[in-house]
Amino acid sequence: MGYMLGSMYDCSKKGEVVVVAEMLTYAMANMIGEVILSRRVFETKDSESNQFKDMVVELMTFAGYFNIGDFVPFLAWLDLQGIEREMKTLHKKFDLLLTRMIKEHVSSRSYNGKGKQDFLDILMDHCSKSNDGERLTLTNVKALLLNLFTAGTDTSSSIIEWALAEMLKYPNIIKRAHLEMVQVIGKNRRLDESDLKNLPYLQAICKETMRKHPSTPLNLPRVSSQPCQVNGYYIPKNTRLSVNIWAIGRDPEVWENSLEFNPERFVSGKGAKVDARGNDFELIPFGAGRRVCAGTRMGIVMVQYILGTLVHSFEWKLPHGVVELNMEETFGIALQKKMPRLALVGGDGGGINGSDGGGSNLSVVGDDDGDGVVLLVVVVLTMTMVVTLMVVMIAILVVMVMSTTPMVAITAVLVMAPSGDRVVMVVVEARYASNNDGDDDCGAVVAMMEVVVTIVYGKPKKLLAKSRTMSLSLRRFVALPKIVQADYQPRSPQDKTVQITV
């Protein structure tokens, strides 16, 4: 923690920009490294630590993508979106990093002697010892380390980043939090873990951030082991289930003014007794039950400790000319800010914890990348899914359309929610028409296939009023042998038109 504060202070003196998200990931990775490996993972905040952060964010992003193969299993082997290929490449990078960490740890232990065992030492001992014929493999150890580093860095750092953004949006909140810490801690020392129990307003800020911006908005998917009923809903066996933690935290029936950031709700009254550890179902940022996050306690303490230290050590404010921060979200396994590059700009005089008379003057700015790239990515991904739907529908048409059917139409409607409150609606219309009159038993049927794809992008309530639309029309003339179509006889006019809604 001291390294991060020192780096921020140095940058503030030099007037250099500090990227908060990178600093937080750097500090979190080193804190977890101290627990697991008894050493810092990154000695300096350089390209290696930045690469690690990018790898973690990339992993969380890929894991949250809508993967066609998960819902259409027979298409999984095609890897149409390239997700599996990218994940394999990413895991190779993680494997190299973790292998180097383990080798350095083992060689350091061999050189310096055993000493006190840490978490990795115990794991490595289980690799050499057999317990009832079973032992851990090096792959098991690396998988566990990967889980601890990825789950412990990205999630906690995103909560802290959201908390800082919300407090900068409401300056009175950060002033009250700073005043509380000055009264409890003073200006001559840093925040200690033992001080946290005496800082109820800081705890309330952390709870409110976890309510409004949970680090894992949909938690991790679960599978029902047995059929059951929940609130009248029948859930079959082996159903994949996701708990919408994001929606629970914004439920207006539970939370008054649910879209407002208000730590006061957790300071007094009924909210003061609400716990974030999974005991109160209205606030479950770490899940609940036997499958609650294993790092719940550590995560809460680290978020409170790091956020409190940052607020106590520096004076935070928006730069001149900036009215408000961009608070848009990016969907994934972890809830990131759409514009995450929150930077600190050093001011004139000031120090850390009153070392030269006061707090360091820090400002915050944000990067803007616009809507164009987001729309392009959404359209490309959507078109990939549309092509898959087209292939499936054409196959259905070949089977269904026979000689006496002059026209068959299939309409598929697909709605996606790629980010925030915007949706993509894809309408695919496939029409088949033939010139067959049933008189020639040996001839071929000349048929026309027309596929029309319409993509509408925008907010649900304004989808018709304000939308971005793109249409694609494909015409294909095919010759089908009449013998293929001989067995189909439509029973009624209704058989000539098929409507399918996905």
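Laid out as a table, the results:
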| item | result |
| --- | --- |
| Single match in Glu260, Glu264, Glu282, Glu253 (criterion: modelled with pLDDT of 90 or more, outside any loop (DSSP other than H, G, I, E, B) and of a type in the set (Asp, Glu)) | Glu264 |
| Residue check for Thr153: over 19 Å from the mean Cα position of the chain (by Cα) and either loosely packed, with under 14 Cβ neighbours inside 10 Å or at pLDDT below 90 (or both) | no |
| Some residue of the range 199-209 being closer than 29 Å to Val292 by Cα and hydroxyl-bearing (Ser, Thr, Tyr) | yes |
| Flag if Val230 is in the same structural domain as Ser158 (by the TED database) and surrounded by fewer than 16 Cβ atoms within 10 Å (Cβ to Cβ) | yes |
| Where a residue in the range 205-228 is at negative phi and its partner, wherever it lies, is assigned to a loop (DSSP other than H, G, I, E, B) and of a type in the set (Gly, Ala, Ser), with Cβ under 7 Å and at least six apart | Lys207/Ala276; Met210/Ala276; Ser215/Ala334; Thr216/Ala334; Leu218/Ser242; Pro221/Ser242 |
| Test: residue in the range 225-239 that is at pLDDT below 90, in a loop (DSSP other than H, G, I, E, B) and among the β-branched types (Val, Ile, Thr) | yes |
| Exclusive hit being at pLDDT 80 or above and either in contact with a Cys (Cβ under 9 Å, 6 or more places away or on another chain) or not assigned by the TED database to the domain that holds Trp246 (or both), set Val141, Val106 | Val141 |
| Of all residues making up the range 229-252, the number that are free of Cβ contacts under 8 Å to residues at least 24 places away in the same chain and farther than 30 Å from Lys169 by Cα | 13 |
| Residue in the range 20-40 that is at pLDDT below 75 and among the aliphatic types (A, V, I, L, M) present | no |
| Where a residue in the range 288-315 is more than 18 Å from Ser158 (Cα to Cα) and among the hydroxyl-bearing types (Ser, Thr, Tyr) and its partner, wherever it lies, is crowded, with 18+ Cβ neighbours inside 10 Å and at pLDDT 90 or above, with Cβ under 9 Å and at least six apart | Ser313/Leu191 |
| Candidate set: the range 167-185, residues that are without any contact (Cβ under 8 Å) to a residue 60 or more places away in the chain and not acidic (Asp, Glu); chosen: the one nearest to Tyr305 (Cα to Cα) | Val184 |
| Failed condition for Glu260, given (1) buried (at least 20 other Cβ atoms within 10 Å of the Cβ); (2) out of contact with any helix residue (DSSP H, G or I) (no Cβ under 6 Å at 6 or more places or on another chain) | (1) |
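Matching residues to (1) charged (D, E, K, R); (2) part of a helix (DSSP H, G or I); (3) surrounded by fewer than 18 Cβ atoms within 10 Å (Cβ to Cβ); (4) in the same structural domain as Gly299 (by the TED database):
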position	(1), (2), (3), (4)
His178	no, yes, no, yes
Val182	no, yes, yes, yes
Asn188	no, no, yes, yes
Leu191	no, no, no, yes
Lys197	yes, yes, yes, yes
Ile205	no, yes, no, yes
Met210	no, yes, no, yes
Thr216	no, no, no, yes
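Rundown of residues vs (1) over 26 Å from Ser224 (Cβ atoms); (2) of a type outside the set (Gly, Ala, Ser); (3) more than 20 Å from the chain's Cα centre (by Cα), yes/no style:
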{"position": "Lys237", "(1), (2), (3)": "no, yes, yes"}
{"position": "Arg240", "(1), (2), (3)": "no, yes, no"}
{"position": "Ile245", "(1), (2), (3)": "no, yes, no"}
{"position": "Glu256", "(1), (2), (3)": "yes, yes, yes"}
{"position": "Arg265", "(1), (2), (3)": "yes, yes, yes"}
{"position": "Glu282", "(1), (2), (3)": "no, yes, yes"}
{"position": "Gly287", "(1), (2), (3)": "no, no, no"}
{"position": "Cys293", "(1), (2), (3)": "no, yes, no"}
{"position": "Leu307", "(1), (2), (3)": "yes, yes, yes"}
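The values are calculated or read from the model by the stated rules, or taken from the named source; none is laboratory data. These numbers were taken from a predicted model, which means no experiment stands behind them. We place every Cβ from the backbone using ideal geometry, glycine too, and count neighbours over all the protein chains shown.
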